[in-house]
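The values are calculated or read from the model by the stated rules, or taken from the named source; none is laboratory data. Everything quoted here is computed from the prediction, not taken from an experiment. Backbone-built Cβ (ideal geometry, glycine too); neighbour counts: all protein chains shown. These area figures cover heavy atoms from the full protein model, side chains too; ligands, DNA and RNA do not enter into them. Shrake-Rupley method; radii C 1.70, N 1.55, O 1.52, S 1.80 Å.
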Amino acid sequence: MITLPFVRRNVTSSCCQRFKSATNMNMMSRSFMSTMSLSHPEEDSHFLLILGKPGGGKGTISGKILKDFTKFHHVSTGDLLRQHVREQTKIGKEAKCYMDEGCLVPDKLMIDLVMDDASPYIDEGKSLLLDGFPRTSEQAVALDKIVDVDLVINLDIPTETIVERIADR
């Protein structure tokens, strides 16, 4: 689990407690990967990951990559989460519960969110640029079962720089 400096700790909320209980009791056993058809992508499909801290410029760099490599479909976990919350989907409502309480959205929910969006492109053999995913080892293992990653870009931006950038927005 990634700990961010602005995330509250020791939260005793219903969503956070429900996730901890479900994890401890193995109630979250449905594996998205077990229901997904694994097609063999075309030879010219590629999978790129761009990783880094929130506010570290992943979206900006992704935009520059997409200008030059138009065959890529961009999947941003932040954008997906905001879209689902705004549209009040089932996933969005559940994610909002965690986010409102200062908890990280559970791996299972993030994996389902990203794979639901990415699977049609994977099935068609298209190239993907995943922005901000995976963030944890569980997410990385789930992704590894689906695709062979060609390139990982890790933006290692100092926290002070990120704070300055966000303060200027």
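Name the long-range amide H neighbours of residue 155: under 5 Å, sequence gap of 5 or more, or other chain; modelled H, no Pro or chain starts.
Here 51, 52 satisfy the definition.
Restricting to Cα pairs below 8 Å that are 6+ residues apart, what does the relative contact order work out to for the stretch 35-169? Please round to a whole percent.
46
Here are some pairs, 71/145; 64/90; 67/90; 53/108; 58/145; 67/145; which of them have Cα atoms lying more than 26 Å apart in this structure?
Flagged as over cut-off: 64/90; 67/90; 67/145.
Before I look further, what does the stretch 31-169 give for accessible area per residue, probe 1.4 Å, in whole square angstrom?
56
Could you check the spin-label model distance between residue 61 and residue 167? Points 7 Å from the Cα along Cα→Cβ, value in nm.
Taking the two extended label points, one gets 2.4 nm.
Name the long-range amide H neighbours of residue 74: under 5 Å, sequence gap of 5 or more, or other chain; modelled H, no Pro or chain starts.
Under 5 Å from the amide H of residue 74 lie the amide H atoms of 129, each far enough along the sequence or on another chain.
With θ set to phi - 60° and the Karplus curve 6.51 cos²θ - 1.76 cosθ + 1.60, what are the ³J(HN,Hα) couplings of the stretch 49-61 in order, to the nearest whole Hz, using x for Gly and Pro?
With coefficients 6.51, -1.76 and 1.60, one gets 10, 10, 10, x, 5, x, x, x, x, 4, x, 5, 5 Hz.
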